[in-house]
Amino acid sequence: MNQQGVRWTSEQVLALAPDDASRRAGNKLGAAGPWSGAGSSGSGGVWGLCKGSGSKPYQTVVDTTGPAYKCSCPSRKFPCKHALGLLLLWAADEEAVRDSTTPDWAEEWLEGRRKRATDKEQSEAGTGQSAKSADPEAARRRAERRAGRITAGATELERRLADLLRGGLAAAEQSGYGLWEETAARMVDAQAPGLAARVRELGTIPGSGPGWPVRLLEECALIHLLDAAWLGIERLPEPLAATVRTRVGLTSPAAGPPVRDRWLILAQYDSSDGKITTRRIWLYGWESGRAALLLSFGAAGRSPQQALPVGLTIDAELTPYAGAGQLRADLGEQFGAPVAIASPPPGGCTAAALDAYGRALRDDPWLDSWPVTLSGVIPVPTSPGWQLADGDGGTALPIAPAALARSGLLKLVALSGGGPVTVFGECGHQGFSPLAAWSEDGSETVPLI
């Protein structure tokens, strides 16, 4: 048991798995058979020796306050199947993983983590002043040079959009993906990765099925709006200007005032564009009432290391990024191990969710979706697809097409059983994508992705 006396559920452990293969392999190691010397401490450490194919067992240790993992196996996944199996055993079998004295090999790593955290805090406190005193004039010149390249790229992109519309959208289907890939490369040369990513999206639309001209025109309009916003950025209010800078691809460190809160971990999932794996972790602050998004990145085929157990609450500081409507934040200091939640986050009806998404679009027109919690909604089949209807049957939100093929929809329907449930997800122009749910009479979080 950790210091708060809470063991995670199996679903919370499996939500940390980097992929389905790790999830299946971890499940096989979630029994006591292959493990020896397993134990846990009140400070959040969990350890054990797992029998492998070699003569020596793998040494696996987990710091649940991070969480963070270390295993002597050769896997490059985080967490590996042994860490997942150990946590599953810890979650399900208190007898197999009892509170005990930490062995030296595990204590060495756990103590090293604590020391590095302390050293980092001291280093940041000591170097803060020197960082601020770095050559501001050189930084300003670099920023001006890059802004000039982005302006040139945005101007060229405007010309290409005008050529497309002048020639007719039907030409986009005939030119194939190569035209857009070449344009995206020009945006990369202009150091505008945000514009490049949106241009690549344009290339996929002509092959996306019936109605593609409408979708292509919509996306062209959004890119034109972003181009125009960049070219006139000096006339925008600062929050919107910060959003525009982020959308074209200018990164800046999280610099807002840290917000300490009890953050409920609502959902975690990965997506990939073939080159980079992006992990999204949604949080909700009980005291502040705000949602936050943690983003982390990994190379293609590799999961980002940052992972948090869905359904638990962490007492931590988050540092937000600048920009209107931006939810992104960096995770700062954590104060203790994750603890169980007492109830789901407060929610509203489907109309309130649409209102929230509309207000967010006012601040950030390029926003794909907005995090909302629906309470008292019932999954209802329609033709085609599914929708989440308010309990009184007044209004409903369609479930996004991408979510219809996920197994989470079946879990949601089973949890509901025809009755009302609370659902957290992303509300966007394509519909609602459910990510976590709670039954009406329970506080246990059911991950849906």
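Observations on the model:
- When the Cα convex hull of the chain is projected onto planes of every orientation, the mean area is 24.7 nm².
- Amide H partners (placed H, <5 Å) of TRP370, local residues excluded: CYS427, GLY428
- Dividing the summed helix terms, -39500 (n - 2.57) for each DSSP H run of n ≥ 4, by the number of residues in the chain produces a 222 nm estimate of -13000 deg cm²/dmol to the nearest 500.
- Projecting the Cα atoms of ALA31, CYS73, VAL13 onto the charge dipole of the stretch 1-116 (Cβ charges, centred on the Cα centre) puts CYS73 farthest toward the positive pole.
- Ranked packing of 263-272, 343-352, most packed first, by mean Cβ within 10 Å: 263-272, 343-352
- Using θ = phi - 60° and Karplus 6.51 cos²θ - 1.76 cosθ + 1.60, couplings along the stretch 352-369 (whole Hz; Gly, Pro as x): 5, 5, 5, 4, 5, 5, x, 5, 5, 5, 4, 8, 9, x, 9, 6, 7, 7
- Note that the stretch 243-249 has calculated 3J(HN,Hα) couplings of 5, 4, 4, 5, 5, 7, x Hz, one per residue in order, obtained from phi through the Karplus relation 6.51 cos²θ - 1.76 cosθ + 1.60 (θ = phi - 60°); glycine and proline are x.
- Each residue of the stretch 304-318 is assigned a 3J(HN,Hα), and the resulting list reads x, 6, 5, 8, 10, x, 5, x, 10, 10, 10, 8, 7, 9, 10 Hz, derived from the Karplus form 6.51 cos²θ - 1.76 cosθ + 1.60 (θ = phi - 60°), x at Gly and Pro.
- Other-chain or far-sequence residues with amide H under 5 Å of PHE432's (modelled H): ILE399, ALA400
- Cα gyration tensor category, rounded, prolate or oblate, for the stretch 7-97 with a/c compared to 1.5: rounded
- Accessible heavy-atom area order of HIS82, HIS429, HIS224, highest first, probe of 1.4 Å: HIS429, HIS224, HIS82
- For the chain, a Gaussian network of Cα nodes joined below 10 Å ranks LEU89, LEU169, LEU293 by mean-square fluctuation, and the top entry is LEU169.
- Separation between Cα centres of the stretch 237-283 and the stretch 344-375, rounded to whole Å: 17
- Choice from LYS70, LYS411, LYS120 with maximal GNM fluctuation in the chain (Cα, 10 Å cutoff): LYS120
- Those lysines that a straight Cα-Cα span of less than 29 Å connects to LYS28, excepting residues fewer than 8 apart in one chain: LYS51, LYS56, LYS70, LYS77, LYS81, LYS411
- Under a model in which nothing but the beta-carbon of Lys, Arg (+1) and Asp, Glu (-1) is charged, the stretch 1-122 shows a dipole of about 460 debye around its Cα centre.
- P(r) histogram, all alpha-carbon pairs of the stretch 246-291 included - 10 Å bins from 0, percent: 21, 36, 37, 6
- Extension gain from SER10 to LEU169, taking 0.36 nm per residue of separation minus the Cα-Cα distance: 52.2 nm
- Taking amide H as placed 1.01 Å from N in the peptide plane, the amide H of GLY348 sits under 5 Å from that of THR373, LEU374, SER375, each at least 5 places away or on another chain.
- Cα gyration tensor shape of the stretch 323-428, rounded if a/c is under 1.5, else prolate or oblate by comparing a/b with b/c: oblate
- In degrees, nearest ten, helix 81-92 long axis to first principal axis of the chain (Cα): 60
- Given +1 at the Cβ of Lys and Arg, -1 at the Cβ of Asp and Glu and no other charges, the dipole of the chain around its Cα centre is 1160 debye to the nearest 20.
- Degrees, to the nearest 10: 170-189 long Cα axis against longest axis of the chain: 70
- Each peptide in 365-376, 50-61 gets a packing score, the mean of other Cβ atoms within 10 Å over its residues, and the list from highest to lowest is 365-376, 50-61.
- Each of PRO434, PRO447, ALA405 was placed along the dipole of the stretch 386-449 (beta-carbon charges, centred on the mean Cα), and the one lying farthest toward the positive end is ALA405.
- Computed from point charges on the beta carbon alone (+1 for Lys and Arg, -1 for Asp and Glu), the dipole magnitude for the stretch 287-384 about its Cα centre is near 260 Debye.
- For the stretch 176-263: rounded, prolate or oblate by the Cα gyration tensor [a/c cutoff 1.5]: prolate
- In terms of accessible area, using a 1.4 Å probe and ignoring ligands and nucleic acids, ASP315, ASP135, ASP390 rank largest first as ASP135, ASP315, ASP390.
- Among PRO237, LEU250, LEU331 - extreme Cα towards positive end, dipole of the stretch 180-334, charges at beta-carbon: LEU331
The values are calculated or read from the model by the stated rules, or taken from the named source; none is laboratory data. This is a predicted model, so every value here is computed, not measured. Note that we place each Cβ from the backbone using ideal geometry, even for glycine, and neighbour counts take in every protein chain shown. Heads up: the accessible areas ignore ligands, DNA and RNA and are worked out on the full protein's heavy atoms, side chains in. Shrake-Rupley method; radii C 1.70, N 1.55, O 1.52, S 1.80 Å.
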